[in-house]
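Worksheet: one structure, shown below.
The values are calculated or read from the model by the stated rules, or taken from the named source; none is laboratory data. Since we're looking at a predicted model, the values are computed, not measured. Cβ: placed from backbone, ideal geometry, glycine included. Neighbour counts: every protein chain shown.
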Amino acid sequence: MDENGHKKQVTIALAGNPNAGKTTLFNSLTGLKQKVANYPGVTVERKEGAWLLNGTTAKLIDLPGLYSLDATSLDEQIASGIIRGDQPGVPKPDAIVAVVDATNLERNLYLVTQLFEFGVPVVVALTMIDAFERQKHEIDVEMLAVLLKSPVVAVNAKTGRGMRELAESVRNVMGTQPAMPHILDEDANESGPNGKIFSRYKFISDAVQESVWHSDQKQHLISEKIDKVLTHKVFGLVILVGILLLVFQTIFSWASLPMDLLEMGFGAAADFVRTQLPPGILTDLLADGILAGVGGVVVFLPQILLLFLFISLLEDSGYMSRAAFLLDKLMSGVGLHGKAFLPLISSFACAIPGIMATRTIESQRDRFATIMIAPFMSCSARLPVYTLMIATFFARQTVFGFISLGAVLMLAMYALGIAVSIVVAFILKRTLLKAPPPPFLMEMPPYRMPNLRTVIQNMFTRAWLFLKRAGTVILAISIILWALMYVPRTGAPPYEGGGAGPVSYAGADGVVLSASTGETLPESQQLKNSFAGKLGHAIEPVIQPLGFDWKIGVALIASFAAREVLVSTLSIIYSVGKDENEESETLIGAVRDAKTDDGRPVWTPLTALSLMVFFVLAMQCMSTLAVVRRETNSWRWPIFMFAYMTAIAYIGALITYQGGKVLGFG
Amino acid sequence: MTLTELPIGQNAHVIAVNGTDRIMQRLMEMGVVPGIGVKVVKKAPFGDPIEIRVRGYSLAMRRSEASAIEVSY
């Protein structure tokens with residue numbers, strides 16, 4: 001109660017080491033009532049939930065996973081700020097629940113000895129106690145509580161063991177003045193800079209000595225046996241490649257079924273809207289702008305859910321740190337963390353789940369470097385562009401008489417993306433993201449059975465965050481892009497029939513009937529008159545050195561919505577393919593036959609190559625930018641990403657086209 | 001000798017933790033303090049990073065960190 005006699009909202013902080021079972025306990029205490037956001041201005045995640053305590057609801061704040069509170073990392077700064085009551089918007093906690101892994105007692109207690117120094121009452125929740133007891137160890141909880149001068153409760157979130165006692169203990173300590181155990185001896189401050197650390201560990205060693213009995217020293221036997229295989233120099237790598245292939249296969253191919261269904265569903269919904277509502281701009285906005293935009297957002301959900309299913313399983317089981325252990329040498333060569341590998345591999349399917357997956361990298365600079373190069377991995381949305389160009393200009397040609405030129409070019413595009421990403425990572429780590437490398441110290445937790453509830457909760461939290469943060473931006477930009485293609489409707493009578501906006505999944509009807517006269521107004525004409533068409537003309541002088549005319553310029557602008565939109569926009573602009581199934585074939589013809597005003601062909605094989613290079617390197621994906629905005633918690637990084645990738649793409653395409661011309665191609 | 005030179009599986013104890021302030025502080029916070037027993041469990045392909053066991057848990061570190069830890073047996 002405060003001085004006015006009102007019941008004050010109680011705030012409890014949940015602190016603990018990574019891998020100590022903190023998330024599982026948090027989920028179990030708060031159920032589904034959780035809120036995830038970022039602390040203002042930083043990327044440290046803020047997680048809160050409601051904990052039913054003594055009939056009232058306490059606010060439970062999940063602090064970031066910490067090894068220490070000495071404020072060397074951002075996580076530690078935020079956490080100690082919260083406990084001190086200095087973090088804006090977060091009330092000073094009335095008590096701290098310190099999660100301590102019983103199987104890793106000494107190092108986990110280190111954080112607890114630091115928590116004591118804040119003068120906030122601490123309750124120790126001992127997790128993994130069942131695993132500890134299975135190893136035939138015993139722990140005297142009461143003795144430990146006496147030594148720590150704080151309540152200690154053994155808990156198990158799965159069985160519910162100790163959960164009521166934990167709540168009771170928290171209720172009892174609230175408002176009390178905590179008695180601090182005598183941890184730091186007199187010479188702690190004098191014996192060098194790390195005297196305090198030394199003192200704390202001395203206290204811990206003594207406390208553990210008095211309260212724990214080990215009857216069997218082989219406590220990590222099972223994990224060690226599993227590790228003999230999983231981190232083996234040969235088998236370990238083979239298994240790792242297998243797992244990465246499985247993850248890649250899942251998000252690349254198996255996610256496409258639900259994705260196709262979603263696209264069909266939204267296409268059908270758009271058709272339904274068009275048949276049910278009177279024709280006009282509002283109907284078009286609803287069908288081609290809003291519905292297609294929403295469809296363009298939710299279409300990513302299958303990939304995100306599936307990738308986070310794997311990531312949660314790999315993290316919770318303890319395998320992720322083994323994978324990072326095996327791959328660290330490879331990744332550290334370009335200045336990245338071993339954990340950057342999975343996000344980068346995932347980005348070959350789609351950079352969006354890939355960038356979201358960088359959350360597993362603790363160091364912010366390593367994480368941002370990984371985010372900045374992830375879009376260079378050739379994603380599945382680039383495939384329609386590559387395929388169209390190869391089918392149009394490089395089909396049936398071979399290298400050395402038996403290797404198809406198309407396959408070689410395809411491989412070259414993937415290789416180009418990887419090569420550029422390595423160079424960029426190398427430069428970024430020495431300029432913008434320059435810092436003394438953080439000490440690479442990574443805990444290898446014992447293998448554990450993943451907690452299904454935690455896994456599922458993590459999947460849906462990520463999906464929800466994507467919808468809420470990135471989805472809104474994606475929707476807004478897709479409507480703006482739609483409008484750019486749609487207005488002004490110069491000289492056009494009221495618009496009727498199924499037109500397809502650039503982000504429509506309904507397919508492109510090439511011809512639009514005008515209602516009043518029955519004359520046809522080709523949609524290509526409409527697009528030319530639109531703002532996007534004018535923009536295409538405006539940028540023509542800039543893109544001409546790359547071999548692109550204004551029509552390709554329009555397609556480039558439209559494909560900012562998503563790379564594969566290039567194909568449907570080219571179809572519209574060349575007025576081909578009334579039936580969507582025939583589109584590609586006729587589009588190939590249209591592209592081959594396209595002529596400039598003076599009768600020369602617009603497209604040469606060199607133009608196609610230049611366009612492919614441009615698509616490997618350019619940031620032609622608003623959804624990625626929206627996700628980067630969400631993951632870096634700032635617009636600076638996505639803007640920088642767009643600028644530097646577009647610059648590299650321009651230079652790459654310029655070198656390809658002009659170099660090719662000098663060499664006599666095209 | 002430093003931890004990088006310690007044969008795999010050999011038990012040893014830490015004599016001193018050197019290196020830059022950040023590395024030294026982090027290592028000690030993770031429980032690698034003078035006097036504690038350590039052992040190298042394994043090395044990754046290419047010999048880097050290495051996995052050590054200290055205070056009953058496994059900790060992976062790059063050779064650059066491991067070379068800051070002086071041990072003897």
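Of all the residues in the stretch A:399-456, those that are away from every other protein chain (no Cβ under 14 Å), over 23 Å from the mean Cα position of the chain (by Cα) and not in a helix (DSSP H, G or I) number 8.
Mind checking which helices (runs of 4 or more DSSP H) fall wholly inside the stretch A:510-580 and carry at least 3 residues that are modelled with pLDDT under 85? Explain how you work it out, then say what you get.
Working: elements: A:523-529, A:531-543, A:550-558, A:565-573.
By residue number, A:523-529, A:565-573.
Residues that are surrounded by fewer than 17 Cβ atoms within 10 Å (Cβ to Cβ) and closer than 30 Å to residue A:452 by Cβ within the stretch A:166-180 comprise just one, A:168. The single condition among (1) surrounded by fewer than 18 Cβ atoms within 10 Å (Cβ to Cβ); (2) without any contact (Cβ under 8 Å) to a residue 40 or more places away in the chain; (3) of a type in the set (Val, Ile, Thr); (4) farther than 21 Å from residue A:206 by Cβ that residue A:78 does not satisfy is (1).
All conditions but one from (1) within 27 Å of residue A:236 (Cα to Cα); (2) more than 10 Å from every other protein chain (Cβ to nearest Cβ); (3) hydrophobic (A, V, I, L, M, F, W, C) apply to residue B:14; the one that does not is (1).
Only one of these is free of Cβ contacts under 8 Å to residues at least 40 places away in the same chain and away from chain B (no Cβ under 14 Å): A:171, A:134. Name it. Of A:171, A:134, the one residue that is free of Cβ contacts under 8 Å to residues at least 40 places away in the same chain and away from chain B (no Cβ under 14 Å) is A:134.
Rundown of residues vs (1) aliphatic (A, V, I, L, M); (2) at pLDDT 90 or above; (3) within 14 Å of residue A:307 (Cα to Cα); (4) surrounded by 15 or more Cβ atoms within 10 Å (Cβ to Cβ), yes/no style:
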| position | (1), (2), (3), (4) |
| --- | --- |
| A:218 | no, no, no, no |
| A:221 | yes, no, no, no |
| A:230 | yes, yes, no, yes |
| A:233 | no, no, no, no |
| A:244 | yes, no, yes, yes |
| A:249 | no, no, yes, no |
| A:256 | no, no, yes, yes |
| A:268 | yes, yes, no, no |
| A:272 | no, yes, no, no |
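If the condition is being within 24 Å of residue A:25 (Cβ to Cβ) and either crowded, with 22+ Cβ neighbours inside 10 Å or within 14 Å of chain B (Cβ to nearest Cβ) (or both), then the stretch A:286-309 contributes only A:308.
When the test is whether a residue is away from every other protein chain (no Cβ under 14 Å), over 33 Å from the mean Cα position of the chain (by Cα), surrounded by 22 or more Cβ atoms within 10 Å (Cβ to Cβ) and touching a residue at least 24 places away in the same chain (Cβ under 8 Å), residue A:152 passes it.
Note on the stretch A:624-649: among residues that are among the small types (Gly, Ala, Ser) and either closer than 21 Å to residue A:414 by Cβ or not in a helix (DSSP H, G or I) (or both), the one that is nearest to the chain's Cα centre (by Cα) is A:634. Annotation: of all residues in the stretch B:59-73 being among the hydrophobic types (A, V, I, L, M, F, W, C) and closer than 11 Å to residue B:3 by Cα, the one that is nearest to the other protein chains (Cβ to nearest Cβ) is B:61. Among the residues making up the stretch A:145-193, those that are at pLDDT below 90, charged (D, E, K, R) and assigned to a helix (DSSP H, G or I) are A:186, A:187.
Checking each residue in the stretch A:91-127 for being outside any helix (DSSP H, G or I) and either at pLDDT below 90 or of a type in the set (Gly, Ala, Ser) (or both) picks out A:95, A:98, A:119, A:125. Set side by side, the residues A:407, A:381, A:415 differ, and just one is under 30 Å from residue A:593 (Cα atoms), hydrophobic (A, V, I, L, M, F, W, C) and surrounded by fewer than 21 Cβ atoms within 10 Å (Cβ to Cβ), which is A:407.
Quick grid of which residues meet (1) under 36 Å from the mean Cα position of the chain (by Cα); (2) under 25 Å from residue B:57 (Cα atoms):
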position: A:122; (1), (2): yes, yes
position: A:147; (1), (2): no, yes
position: A:164; (1), (2): no, no
position: A:173; (1), (2): no, no
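Within the stretch A:11-27, track down each residue that is part of a helix (DSSP H, G or I) and not polar (S, T, N, Q). Let's see the steps before the verdict.
So in the stretch A:11-27, the residues part of a helix (DSSP H, G or I) come out as A:22-27.
Passing the criteria: A:22, A:25, A:26.
Taking the stretch A:390-429 as the range and being without any contact (Cβ under 8 Å) to a residue 12 or more places away in the chain and basic (Lys, Arg) as the test, only A:396 passes. The residue that is nearest to the other protein chains (Cβ to nearest Cβ), among those in the stretch A:227-267 that are over 18 Å from residue A:348 (Cα atoms) and not in a helix (DSSP H, G or I), is A:233.
Give me a count of the residues in the stretch A:31-72 that are crowded, with 22+ Cβ neighbours inside 10 Å and either part of a helix (DSSP H, G or I) or β-branched (Val, Ile, Thr) (or both). Total satisfying the criteria: 1.
Every residue, every condition in (1) buried (at least 21 other Cβ atoms within 10 Å of the Cβ); (2) within 25 Å of residue A:103 (Cα to Cα); (3) within 11 Å of the chain's Cα centre (by Cα), yes or no:
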| position | (1), (2), (3) |
| --- | --- |
| B:7 | no, no, no |
| B:13 | no, yes, yes |
| B:20 | no, no, no |
| B:28 | yes, yes, yes |
| B:45 | no, no, no |
| B:48 | no, no, no |
| B:55 | yes, yes, no |
| B:60 | yes, yes, yes |
| B:67 | no, no, yes |
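Reported count of residues in the stretch A:310-348, each being of a type in the set (Lys, Arg), at the interface with chain B (Cβ under 10 Å from one of its Cβ atoms) and out of contact with any strand residue (DSSP E or B) (no Cβ under 7 Å at 6 or more places or on another chain), is 1.
Entry remark, the stretch A:368-396: residues being of a type outside the set (Val, Ile, Thr), in contact with a Pro (Cβ under 9 Å, 6 or more places away or on another chain) and over 16 Å from residue A:620 (Cβ atoms) number 2 in total.
Would you call residue A:115 touching a residue at least 24 places away in the same chain (Cβ under 8 Å), touching a Pro at 6+ places or on another chain (Cβ under 9 Å), closer than 19 Å to residue A:26 by Cβ and not aromatic (Phe, Trp, Tyr)? Spelling it out, it is not the case that residue A:115 is touching a residue at least 24 places away in the same chain (Cβ under 8 Å), touching a Pro at 6+ places or on another chain (Cβ under 9 Å), closer than 19 Å to residue A:26 by Cβ and not aromatic (Phe, Trp, Tyr). In chain B, counting only strands (runs of 3 or more DSSP E) that sit wholly within it, the ones holding 2 or more residues that are touching a residue at least 24 places away in the same chain (Cβ under 8 Å) and in contact with a Ser or Thr (Cβ under 9 Å, 6 or more places away or on another chain) span B:11-17, B:37-43, B:50-54, B:69-72.
Summed over the stretch B:19-58, residues that are more than 7 Å from chain A (Cβ to nearest Cβ), at pLDDT 90 or above and farther than 25 Å from residue A:112 by Cα total 5.
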